[in-house]
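Chemist: Take this structure first; my questions come after.
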Amino acid sequence: MSLQIGIVGLPNVGKSTLFNALLKKQVALAANYPFATIEPNVGVVEVPDQRLPQLAELIKTTEKMPILPPIKYALVEFVDIAGLVAGASKGEGLGNKFLANIRQTDAICHVLRNFSDANVLRESSVNPEEDLAIVRTELQLADLETLQKQQQPKGSVSKNEKAKWEIIQSFMATIEQGKNLNCQSALEQLVAKELCLLTAKKEIFAINVDEQDLAQADEIRAKFASKLKVQKKQIVVISAKIESELASLVQADQELYMQELGLKESGLARLAAVAYQTLSLQSFLTAGTIEVKAWTIQKGATAQAAAGVIHTDFSKKFISAKVVTFADFINFGGWAACKELGKIRQEGRDYLMQDGDVVEFMIGK
């Protein structure tokens, strides 16, 4: 499944710099003036997963391969969307075009400025809390306009249509109070998706700080969770400038530089982890001589649904799944050893997949 995160925020808060760092190459124009980004920059990046190299090494050894099998990581698509300004919902700063780009994403990553570089212009930006308030207000106004265009069903209407109209009215009341939508029921989620409502999307927050502040990341997360009234687990403290420097280094030098900075993971790894958690995602793994790969699924997905992520026909022709935990697969030495020791489970279509399951699907003709 494709996972798309829209990187949004006011102009000059570090969005394009962060985007370039995530892609490990300069593909978005990072410039010190408003609206350096007009068309959205889209790039697919790999989600770091330390389990895959371990699987590849094991497959190489057990299958007596001369080289490692190809490693394919789960993917996240980041979309760099130009800076919003007050009035974007009414078209200010090319706002309508930018809002349309956000509608296509699965989640929104708010980049909030908390760095002190006086040489980088502030365009409407005051502090992270007020910056977020400006962006959220524009998204709410855009959603309100969408909802106000909906027509009340007339005449003899179905129970479902009546329920949808009641939800639309409830959504309008929530947004008029200056609040984002919090869709709980399946029907609420369906209505929000059908109308491409911006304030119903999951949010993550990247607090862009100075290099010296990275050591206090936990304290900064806690502080802004309180100030922004969001959960701490939704927040990543990142230095877009440092990430940009890291992106220019080879892997070994990246690791040394991160050690010097006291970082265990890159910004990409932390953003991806937060995105996965916020969107209730997990990975299952496949391991063979052709490739070793991580596949993204929703938490609570069944084995049949997971098979369909590999190929739609696999879901239709699903027979069963051979499942081994990642720990058992590594500890006991791969497929053959796990089979001999009885560590492989034969699961049916309704089995609920677990993060890190190593799986081989049995598919009919």
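The values are calculated or read from the model by the stated rules, or taken from the named source; none is laboratory data. Bear in mind that the values here come from a model prediction, so they are computed numbers and not experimental data. Neighbour counts run over all protein chains shown; Cβ positions are idealised from the backbone, glycine included. Please note that ligands, DNA and RNA were not included when accessible areas were found on the heavy atoms of the full protein model with its side chains. Shrake-Rupley method; radii C 1.70, N 1.55, O 1.52, S 1.80 Å.
Chemist: Looking at the stretch 166-175, can you tell me whether even one residue there is on the phi < 0 side of the Ramachandran plot and part of a loop (DSSP other than H, G, I, E, B)? Break it down stepwise before answering.
Modeler: We begin by selecting, within the stretch 166-175, every residue on the phi < 0 side of the Ramachandran plot; these are 166-175.
Narrowing the set further to residues that are part of a loop (DSSP other than H, G, I, E, B) leaves none.
No, the stretch 166-175 contains no residue that is on the phi < 0 side of the Ramachandran plot and part of a loop (DSSP other than H, G, I, E, B).
Chemist: Filter the stretch 189-203 down to the residues that are of a type in the set (Lys, Arg) and either part of a helix (DSSP H, G or I) or closer than 11 Å to ILE167 by Cβ (or both) and list them by number.
Modeler: Taking the stretch 189-203 as the starting set, the residues that turn out to be of a type in the set (Lys, Arg) are 193, 201-202.
Scanning the stretch 189-203 gives a single hit, LYS193.
Chemist: If you don't mind, there's one more thing I want to ask. Whether any residue in the stretch 126-136 is among the β-branched types (Val, Ile, Thr) and within 22 Å of the chain's Cα centre (by Cα) is what I want to check.
Modeler: Checking the stretch 126-136: at least one residue is among the β-branched types (Val, Ile, Thr) and within 22 Å of the chain's Cα centre (by Cα).
Chemist: Determine which single condition PHE98 fails, assuming it passes every other condition in (1) open to solvent by 30 Å² or more (accessible area, probe 1.4 Å); (2) over 22 Å from VAL230 (Cα atoms); (3) modelled with pLDDT under 85.
Modeler: (1)
Chemist: One residue is enough: does the stretch 309-319 have a residue meeting the conditions open to solvent by 40 Å² or more (accessible area, probe 1.4 Å) and within 20 Å of the chain's Cα centre (by Cα)? Outline the logic, then answer.
Modeler: Just the residues of the stretch 309-319 that are open to solvent by 40 Å² or more (accessible area, probe 1.4 Å), to begin with: 309-314, 316-317, 319.
Filter again for within 20 Å of the chain's Cα centre (by Cα), leaving 309-310.
Yes, some residue in the stretch 309-319 is open to solvent by 40 Å² or more (accessible area, probe 1.4 Å) and within 20 Å of the chain's Cα centre (by Cα).
Chemist: Would you mind finding the one in ILE290, ILE297 that is in a loop (DSSP other than H, G, I, E, B) and either of a type in the set (A, V, I, L, M, F, W, C) or at pLDDT below 95 (or both)? I'd like the intermediate steps shown before the answer.
Modeler: Working: ILE297 fails: in a loop (DSSP other than H, G, I, E, B).
None of the other options fit; the residue is ILE290.
Chemist: State all residues of the stretch 346-365 that are of a type in the set (A, V, I, L, M) and open to solvent by 80 Å² or more (accessible area, probe 1.4 Å); if no residue qualifies, say none.
Modeler: Going through the stretch 346-365, the residues of a type in the set (A, V, I, L, M) turn out to be 352-353, 358-359, 362-363.
Listed by number, the list holds a single entry, LEU352.
Chemist: Specify the residue that is least open to solvent (accessible area, probe 1.4 Å); the eligible residues are those in the stretch 321-345 that are among the aromatic types (Phe, Trp, Tyr) and under 20 Å from VAL309 (Cβ atoms). Can you show your working first?
Modeler: So the first thing to find is which residues in the stretch 321-345 are among the aromatic types (Phe, Trp, Tyr), and the list is 326, 329, 332, 335.
Now restrict to residues that are under 20 Å from VAL309 (Cβ atoms): 326, 329.
Numbers: PHE326: 39, PHE329: 0 Å².
Once the filter is applied, the top-ranked residue is PHE329.
Chemist: Could you say which residue among ILE310, ILE330, ILE319 is in contact (Cβ under 8 Å) with a residue 40 or more places away in the chain and more than 21 Å from PRO53 (Cα to Cα)?
Modeler: Numbers: ILE310 fails: more than 21 Å from PRO53 (Cα to Cα); ILE330 fails: more than 21 Å from PRO53 (Cα to Cα).
From the options ILE310, ILE330, ILE319, the qualifying one is ILE319.
Chemist: Considering the stretch 176-187 alone, what residues qualify as being farther than 12 Å from ASP143 by Cβ and either outside any loop (DSSP other than H, G, I, E, B) or open to solvent by 100 Å² or more (accessible area, probe 1.4 Å) (or both)?
Modeler: Correct list: GLN177, ASN182, GLN184, ALA186, LEU187.
For (1) of a type in the set (A, V, I, L, M); (2) closer than 18 Å to GLU211 by Cβ; (3) not in a helix (DSSP H, G or I), each residue gets a yes or a no:
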site	(1), (2), (3)
LYS233	no, no, no
SER244	no, yes, no
GLN254	no, yes, no
TYR257	no, yes, no
ALA275	yes, no, no
LEU285	yes, no, yes
